[in-house]
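Read the structure below first, then the notes.
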Amino acid sequence: MAAYPESDKTDFSPALELKAAAFSLPVLRLLHGDLRSIGEQLGAKVRQAPAFFRHAPVVIDLSSLPEGDRVEFPLLLQLLRDHSLIPVGIRGGTPAQNRAAQGERLTVLNESVHPPHPTDSPHRPAEKEPAAPNFKIVTRPVRSGQRIYAPGGDLSITAPVSSGAEIMADGNIHVYGPLRGRALAGMRGDLNARIFCQHLEAELVSIAGHYRVSESIPRELKGCAVQIFLEQELLRIEPLYNKQT
């Protein structure tokens with residue numbers, strides 16, 4: 001056992017707190033166990049938005065893995081780490097897979113933890129779970145490195161969202177200022193969620209796990225007031241106002 005230096009504290013002041021908190025974690029849903037194709041396709045996604053995925057904790061979803069496909073956890077975990085992802089747990093596994101994952105020091109999560117994310121397959125229909133009629137309002141600028149989440153409803157921001165910031169909502173997102181960070185609406189799979197902003201300069205936008213990065217946003221829409229929504233599982237970006245001729 002490691003030896004720790006004696007503490008000078010004699011007043012028994014608390015050294016830590018344990019609290020429950022809700023976090024949004026990227027989910028990597030495996031559709032088969034072929035590590036070569038997993039690595040190729042994952043690499044393509046990470047290259048689209050390297051800053052977004054760098055050092056991101058990720059949950060491995062095994063619920064769609066065909067019966068009989070083996071999961072080579074040591075190789076899979078190394079593959080994720082090679083792409084700068086940090087695997088922290090699994091969900092949807094069999095008892096044997098759960099035991100193997102725990103042997104690799106992964107957490108086994110229950111099915112209630114289901115935050116859709118851009119690492120979910122864009123070809124898989126997202127689960128429809130309409131957001132509750134709650135909302136959160138933020139009146140101060142959202143700085144780089146900040147993460148704001150509105151669980152169970154909409155998020156409205158009346159100030160700028162800086163590059164490197166992340167805003168999330170189970171419902172819609174409204175930004176009444178420049179949106180330069182990442183915006184993820186419909187976090188629980190609400191396909192009807194939308195993003196509205198007055199000045200689009202986002203690094204990434206996402207609706208129920210369907211996303212676009214800055215490079216794939218049409219140049220003529222950057223800097224404009226837009227709405228972002230899904231239409232037949234395709235992410236669309238349209239101007240909020242018609243241009244006057």
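Residues of segment 57-78 that are free of Cβ contacts under 8 Å to residues at least 60 places away in the same chain and either crowded, with 17+ Cβ neighbours inside 10 Å or in the same structural domain as Ser214 (by TED's automatic domain parsing) (or both): Val59, Ile60, Asp61, Leu62, Leu65, Val71, Phe73, Leu76, Leu77. When Asp69, Asp82 are screened for being at pLDDT 85 or above and farther than 30 Å from Leu191 by Cβ, only Asp82 passes. Of all residues in segment 44-62, those that are modelled with pLDDT of 90 or more and outside any strand (DSSP E or B) total 1. Could you tell me which numbered condition Asn110 fails, if it satisfies all but one of (1) modelled with pLDDT of 90 or more; (2) at negative phi? Single failed check for Asn110: (1).
Of the residues in segment 210-225, how many are within 23 Å of the chain's Cα centre (by Cα) and either more than 17 Å from Arg182 (Cβ to Cβ) or among the charged types (D, E, K, R) (or both)?
Looking only at segment 210-225, we keep the residues that are within 23 Å of the chain's Cα centre (by Cα), and these are 210-218, 222.
Cutting the leftovers down to either more than 17 Å from Arg182 (Cβ to Cβ) or among the charged types (D, E, K, R) (or both) gives us 212, 215, 218, 222.
The number of residues fulfilling the criteria is 4.
For segment 151-159, the count of residues that are touching a residue at least 40 places away in the same chain (Cβ under 8 Å) and in a strand (DSSP E or B) is zero.
Within the set of pairs 6+ apart or on separate chains, which have a first residue in segment 213-229 that is touching a residue at least 40 places away in the same chain (Cβ under 8 Å), a second that is assigned to a helix (DSSP H, G or I) and among the polar types (S, T, N, Q), and C-beta atoms under 6 Å apart? Filtered contacts from segment 213-229: Val213/Gln48. Residues in segment 186-235 that are loosely packed, with under 15 Cβ neighbours inside 10 Å and among the basic types (Lys, Arg) were compared, and the one that is nearest to Arg147 (Cα to Cα) is Lys222. Taken over segment 194-220, residues that are hydrophobic (A, V, I, L, M, F, W, C) and within 13 Å of Glu233 (Cβ to Cβ) amount to 2.
Against the criterion of being at positive phi, at pLDDT 90 or above and out of contact with any strand residue (DSSP E or B) (no Cβ under 6 Å at 6 or more places or on another chain), Arg105 qualifies.
Only a single criterion out of (1) touching a Phe, Trp or Tyr at 6+ places or on another chain (Cβ under 6 Å); (2) in a loop (DSSP other than H, G, I, E, B); (3) not charged (D, E, K, R) is not satisfied by Gln198, namely (2). For segment 1-43, the candidate set comprises residues that are assigned to a loop (DSSP other than H, G, I, E, B) and surrounded by 11 or more Cβ atoms within 10 Å (Cβ to Cβ); within that set, the residue that is modelled with the lowest pLDDT is Ser24.
The values are calculated or read from the model by the stated rules, or taken from the named source; none is laboratory data. Being a predicted model, the structure only gives us computed values, none of them experimental. In this analysis, Cβ positions are derived from the backbone assuming ideal geometry, glycine residues included, and neighbour counts consider all displayed protein chains.
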